[in-house]
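Participant: Have a look at this one before I ask anything.
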Amino acid sequence: MALESGIDGWLRYAELPADLRTKQDQYSGIIVLDGVQTSPVYTAAKELQDGLQRILGQTLKLETLFDNVAAKQPSIVVGTLDAFSRLGVDPPPEEFKPDGFYLNTQAGNGNVHIMGESESGALYGAFEFLMRLAQGNFEPVSIVDNPSALIRWVNQWDNLDGSIERGYAGPSIFFKDGEVVEDMTRISQFARLLSSIRLNAVVVNNVNANPKLFSETNLRGLQRIADTMRPWGIRIGISLYFDSPREFGGLSTADPLDPDVIAWWQDITRKIFEKVPDLVGYTIKANSEGQPGPLTYNRTLADGANMFARALQPYGDAIVLYRAFVYNHHLDESVWTNDRANAAVDYFKHLDGQFEDNVQICLKWGPIDFQVREAPSPLFANLRKTKVVIETQVAQEYLGQQSHFVYMAPLWKEILDFDMRIDGQDSAIRDIVSGSTTVLNIGSDTTWIGHHLSLSNLYAYGRMAWNPLSDPINMIEGWSRLTFSLNPTVVDTITKISMESWPTYENYSGNLGIQTLCDIIYTHYGPSPASMDGNGWGQFTRANSTSIGVDRTVATGSGNAGQYPPEVAAIFEDIEKTPDELLLWFHHVPYTHRLKSGKTVIQHFYDAHYEGAANAQTFPKRWAKLKGLIDNHRFEHVAFKLEYQAGHALVWRDSVNNFYSAKCQIPDEKNRVANYQWRIEAEDMRLSGYKIVAVTPFEAASGGKAIITESNQSPGTAMAKIPYPSGKYNIAVNYFDHMGGTSKYEISLNNQVIGKWSGNLQEKLGHDFSEYLDGHSATRITFKGVLVESGDILKVVGQPDGTELAPLDYISILPEGIVD
Ligand code: GCU
């Protein structure tokens, strides 16, 4: 099987097996009802030509004359509704919404008609046809498919220097060294992926924006990006920095009511539209996380949003996406009622009705920040006169950063399906919103996103943006067939792992609505429950020695439950009615509080962490069965990541459990926590050239301690006698792999080497995970099926490098079937 890099994502168009191919009629030609080569209709025809060549092995010519259709039967004809009508071919009577399409494989004499309401619609129809063929699906169809929303965007958080905020897949494809890149190849490939899932716009730069985007060179660069993406039906938008008039324009203020400021933005807008006449709009992050904004100048958020909106009004349908992610990150936790989750409603509700028509308020799906579990943002129910757009995050910022795999479609579906009961009526969030955007972090890596499996999230996002009722299982099945193979074992394995991945991650990260218990003041990756509290960021857990959770009730807490419409508020206000998975989101309870399941909160924590980590151990084993069924390159890449995830899931399990067990002093009923029978702690081994250090946070290391070499020049050795009975074991080594060097390790039994490895995750994980010994850098490697004699001498030699001093935590000698 040919090795694959992943660059084509789900658009590989793998050749169909011969038996399937023969079921399909041969086509004679492709007729394109638009000769303009930059039109998405023409792109559609080219894509059909390429796809049919690759999937069915048919070489077809492109024709522009419909008259040829009779001579060329059966043909595939692609064009807009208007173009078909002009030729006397009427569309079906169904309603067409903007960008909708009609795919008819039964147009008579074997002909296929692909009609788009718009040029992009024609392209979507062509992709739909090809993706069916690529899955070996030749069922005749005659369908009209319409989008639920016009706003189907993604937002890259790319910086001009080429870095990507929360990016885990290499540098930006858009920017480098302060400027737009020269080579547009990846940008075009990216546009193809986006348009195949019917997305229509990309905001190309970080919401933490840099005004140097407005330099002459960069405006010309934006023009080149837009020109490259336009044939794929993708428009570009940009994020703006609120204080640009001061920092870039030399004005003394950025006050949105100041005439000079208004004129400055009008002028910039004119210059941008000269280069990009179909700019889709501006995204604005203001007065959030230290950013300036209208409040800085004693103006309202509406004053700010409207200034940009008015600047855009002369230019067609361009809009302002004004982000509701506005909050004060210096919140005083000692005030019981202080609650960041209240911020969006507090800041925006009273402004409802004051925004220009071309302003849409953009809300993260939850009121805090893309956690593993949150209640839906109450602002969805509080803006009755203003259009709102839902923001999700394909970037797995708080969900394992593409080093763990979490398929998020089921999470998004729960939110989109959530019924706000506005005025006592059905009000699912999917029906409230006027569109969606997602924070995306594709980079120049050939996997696009850092983990082949995680690209499924982009695919699912696109499908759900088009149709929020899309089924997560159907989507992942289709994606697996297109991305990997039609083989049912492949599809079934990927589907099951994917569908289990969110509950699994939730189990070993943060339960019962307490959020992802990651290090929120550093990289948002590994465990560090203490980091949530004691700072101004407001992602509180309010955990103390007896109780935990945020009291968001109206009766005794922050009043957040009361921001929901009455029927929903009544559920969240009442501890009896609040579902277990959101218990600690809304209520502060003793660790001994009994859940509906009958377990106490603390025992649920312990059990869930054991269950989640145990299930993560099954992922690499299940994946291993796909060897030979998919190409080896992608097989190995995913195998490595899943194995790494399984190890890090144990780090999560032990960190969180040890943290809370130390905090509340309530033991695990099953006596697992802090009781590891098969572990040899590094600090208990005979050391030479190694010294013992305390790890911060303590729970990131077994026993709170690790060993590091005494200098970065010479190796250290740690030795111990095996205290277990003779037999076959899996030997797992927990060590710390952080940035700053690549240590080398060798492990042996009685001087017989059983394994070697190096601390090179900084190259392999694709994200800056940590410079320290902590929950981010804690890592496990396992050597399987090792014959061990009782009394054997176990030895690890660590060779330090740079600032990485071959750190070691513990070694587990695990009988088959035990993971600890
Ligand atoms: C999170 C994220 C930041 C980002 C911010 C935002 O806080 O960690 O990197 O800038 O969200 O959405 O604006």
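The values are calculated or read from the model by the stated rules, or taken from the named source; none is laboratory data. Treat the numbers as computed from the prediction; the structure is a model and nothing was measured. Heads up: the accessible areas ignore ligands, DNA and RNA and are worked out on the full protein's heavy atoms, side chains in. Shrake-Rupley method; radii C 1.70, N 1.55, O 1.52, S 1.80 Å.
Participant: For the stretch 484-635, build the convex hull from the C-alpha positions and give me its volume per residue in Å³.
Facilitator: That works out to 153 Å³ per residue.
Participant: Tell me, in nm to one decimal, what length is gained between residue 575 and residue 216 on full extension, where the rule is 0.36 nm per residue of separation less the Cα-Cα distance?
Facilitator: 123.5 nm
Participant: Something else: Tell me, what ³J(HN,Hα) does each residue in the stretch 342-356 have, in order and in whole Hz, if you take phi through Karplus 6.51 cos²θ - 1.76 cosθ + 1.60 with θ = phi - 60° and put x for Gly and Pro?
Facilitator: 7, 4, 4, 5, 4, 7, 10, 4, 6, 9, 4, x, 9, 8, 4
Participant: Share of antiparallel DSSP beta bridges in the stretch 151-483, in percent to the nearest 5? Please report the intermediate quantities before stating the final value.
Facilitator: Values: 4 of 34 bridges.
Within the stretch 151-483, antiparallel bridges account for around 10 percent of the total.
Participant: Tell me the accessible surface of residue 260 in square angstrom (1.4 angstrom probe, heavy atoms of protein chains only), to the nearest ten.
Facilitator: Rounded to the nearest 10, the figure is 100 Å².
Participant: Separate question: Could you work out the relative contact order of the chain, using alpha carbon pairs under 8 angstrom and six or more residues apart, expressed as a whole percent?
Facilitator: Over the chain, the number comes to 10 percent.
Participant: Starting from the Kirkwood radius over alpha-carbon pairs of the stretch 316-365, derive D by Stokes-Einstein at 20 °C in a medium of 1.002 mPa s and give it in µm² s⁻¹.
Facilitator: 170 µm²/s
Participant: Among the lysines, select those whose C-alpha is under 24 Å from the C-alpha of residue 275, and discard any that sit fewer than 8 residues away in the same chain.
Facilitator: Straight-line reach from residue 275, under 24 Å: 176, 212, 285.
Participant: Amide H of residue 283: which non-local residues (sequence gap of 5 or more, or other chain) have their own amide H closer than 5 Å, using H built in the peptide plane?
Facilitator: Amide H neighbours of residue 283, under 5 Å, 5+ apart: 238, 239, 240, 321.
Participant: If you don't mind, there's one more thing I want to ask. How many angstrom separate the Cα center of the stretch 358-373 from the Cα center of the stretch 159-181?
Facilitator: 24 Å
Participant: To the nearest whole percent, what portion of all C-alpha pairs in the stretch 679-815 is separated by more than 17 angstrom?
Facilitator: 55 percent
Participant: For the stretch 9-145, take the alpha-carbon Rg, divide it by the Kirkwood Rh, and send me Rg/Rh.
Facilitator: Numbers: Rg = 13.7 Å, Rh = 14.6 Å.
Ratio of gyration radius to Kirkwood radius: 0.94.
Participant: Also, quick follow-up: Based on the alpha carbon coordinates of the stretch 219-264, what radius of gyration and maximum Cα-Cα distance (Dmax) apply, in Å?
Facilitator: Radius of gyration, then largest Cα-Cα span, for the stretch 219-264: 14.6, 41 Å.
Participant: Can I ask one more? Taking all pairs of distinct Cα atoms, average 1/r, flip it, and tell me the Kirkwood hydrodynamic radius of the stretch 151-483 in Å to one decimal place. Mind dumping the intermediate values first?
Facilitator: Values: mean 1/r = 0.0496 Å⁻¹.
It is 20.2 Å.
Participant: Pairs of Cα atoms under 8 Å, at least six residues apart: use those to get the relative contact order of the stretch 330-422, whole percent.
Facilitator: 25 percent.
Participant: State the antiparallel share, in %, of DSSP beta bridges confined to the chain, rounding to the nearest 5.
Facilitator: 60 percent
Participant: Report Rg(Cα)/(2.2 N^0.38 Å) for the stretch 639-704, keeping two decimals.
Facilitator: The reported ratio for this selection is 1.28.
Participant: Here's another thing I want to ask about it. Kirkwood Rh over Cα pairs of the chain into Stokes-Einstein at 4 °C, 1.567 mPa s: D in µm²/s?
Facilitator: 45 µm²/s
Participant: How much mean residue ellipticity at 222 nm does the chain get from its helices, if each DSSP H run of length 4 or more adds -39500 (n - 2.57) and you divide by all residues, to the nearest 500 deg cm²/dmol?
Facilitator: When only DSSP H runs of four or more count, the value is -9000 deg cm²/dmol.
Participant: Ok, one more. Test of understanding: express the Cα radius of gyration of the stretch 420-544 as a ratio to 2.2 N^0.38 Å, with N the residue count.
Facilitator: 1.32
Participant: Using only the heavy atoms of the protein chains and a 1.4 Å probe, how would 54, 220, 340 rank by accessible area, largest first?
Facilitator: 220, 54, 340
Participant: Let me ask another. Per residue, how big is the convex hull of the stretch 765-820 when only Cα atoms are used? Give it in Å³.
Facilitator: Value for the stretch 765-820: 126 Å³ per residue.
Participant: While we're looking at this one, here's another question. Whenever you get a sec, line up 699, 179 from highest to lowest accessible area (probe 1.4 Å, protein heavy atoms).
Facilitator: From most exposed to least exposed: 179, 699.
Participant: What percent do you get for the relative contact order of the stretch 49-178 when only Cα pairs under 8 Å and 6+ apart count?
Facilitator: 19 percent
Participant: Same structure, new question: Which of the DSSP-defined H helices in the chain satisfy a minimum axial length of 18 Å, computed from C-alpha atoms, and a minimum mean Kyte-Doolittle hydropathy of -0.5?
Facilitator: 40-56, 119-134, 259-275, 488-508
Participant: I've got another one for you. So what is the diffusion coefficient of the stretch 272-388 in µm² per second by Stokes-Einstein at 10 °C and 1.306 mPa s, using a Kirkwood Rh over Cα pairs?
Facilitator: D, rounded to a whole number, is 105 µm²/s.
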